[in-house]
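Input: one structure, supplied below.
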Amino acid sequence: MGKQKTYKRILEYSRNIFFEVGYSKVSMDELVHEIGMSKATLYRYYSSKEELFEAVVDDFFDEIEEEIYHILNTNLSSDAIIEKFIYTMSKRLSIIDPNAAYDIEKSTPLLFKKFLERRKIAILDNLVNILENGKKEGIYRSDISSIIVANIILASIDQLTKKEFVINNEFSYSDIFGSVISTVIDGYKLR
């Protein structure tokens, strides 16, 4: 198996495990068992669980950004692009179990902060771009800043993905993401 394929295989298996059960509940022994390789082989690619998790986060958001790049570079209207953006982000975020996210936040706060930063970049930069294009197309209101709208969406998502809200209301990240964007964007459209 080629080196790139091995990296990808490690990242895919590790992502599934980390996003399903969390960080503290996963050992390198469990990872090598799931991946089907020796610990020595895994350590040739990643020197620690922390390094592996950081690579998982980077790979996860690199894939999201690549998918969004392709969506943004179509001839669709901004309205259609925002629907595809919502679908893509919701689909991608749906693989993260809320309890796993809270374990990651508690176990490795610095890496969780990086996760949130990457999520922020994926949401804010792309939403502002989509909304600005929608203004030019006459779909969205020009009297409200796209930056403000995108930050309202991000702040709402941040607030609604807090542990107490998600667990007490049994919402997934996907439900929250789609609902927030749809609600805010509907109010931002020209009537």
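What lysines could a cross-link reach from residue 5, if we take a straight Cα to Cα line under 18 Å and drop same-chain neighbours fewer than 8 places away?
Hits, sequence-local ones excluded: 39.
May I pose another question? Is there a pair in 114/136; 8/163; 113/189; 113/135; 120/162 whose C-alpha atoms are over 23 Å apart, and which pairs would that be?
114/136; 8/163; 113/189; 113/135, as the Cα separations exceed 23 Å there.
Please list the non-local residues whose amide H lies under 5 Å from the amide H of residue 140, H modeled 1.01 Å from N, same-chain partners needing a gap of 5 or more.
Sorted by chain and number, the residues that satisfy this are 135, 190.
Can you give the calculated 222 nm mean residue ellipticity of the chain, where each DSSP H run of n ≥ 4 adds -39,500 (n - 2.57) and the sum is split over every residue, rounded to the nearest 500 deg cm²/dmol?
Mean residue ellipticity, 222 nm, calculated: -26000 deg cm²/dmol.
Under the 0.36 nm per residue contour assumption, what length would be gained going from the current alpha-carbon distance of residue 163 and residue 47 to full extension?
Fully extending the segment from residue 163 to residue 47 adds 38.7 nm.
Taking 7 Å along the Cα-to-C-beta vector as the label spot, tell me the residue 124-residue 77 distance in nanometres, rounded to one decimal.
3.0
Something else now. Can you sort 86, 181 so the residue with the fewest Cβ neighbours within 10 Å comes first?
86, 181
Once the Cα atoms of helix 173-188 and of the chain are each reduced to a long axis, what angle between those two axes, in degrees from 0 to 90 to the nearest 10, is obtained?
Long axis of 173-188 versus the principal axis of the chain: about 20 degrees.
For the chain, what relative contact order do you get, as a whole percent, if you take Cα pairs closer than 8 Å and at least 6 residues apart?
Dividing the mean separation by the residue count of the chain yields 25 percent.
Between 0 and 90 degrees, rounded to the nearest ten: what's the tilt of helix 3-21 against the longest Cα principal axis of the chain?
80
Under 18 Å Cα to Cα from residue 49, which aspartates and glutamates show up? Leave out anything in the same chain fewer than 8 places away.
Within reach: 12, 20, 29, 30, 34, 58, 59, 103, 105.
Among 32, 180, rank each residue by its count of other Cβ atoms within 10 Å, from fewest to most, as a rough exposure measure.
Fewest to most other Cβ atoms nearby, the residues stand as 32, 180.
Nearest 0.05, what FRET efficiency do residue 63 and residue 137 give at R0 = 30 Å with Cβ-Cβ as r?
0.60
Every read-out reported here was derived from the displayed coordinates using simple, explicitly stated rules and does not represent laboratory data. Small disclaimer: the values here were computed from a predicted structure and weren't measured. Cβ sites come from the backbone with ideal geometry, for glycine too, and all protein chains shown count toward neighbours.
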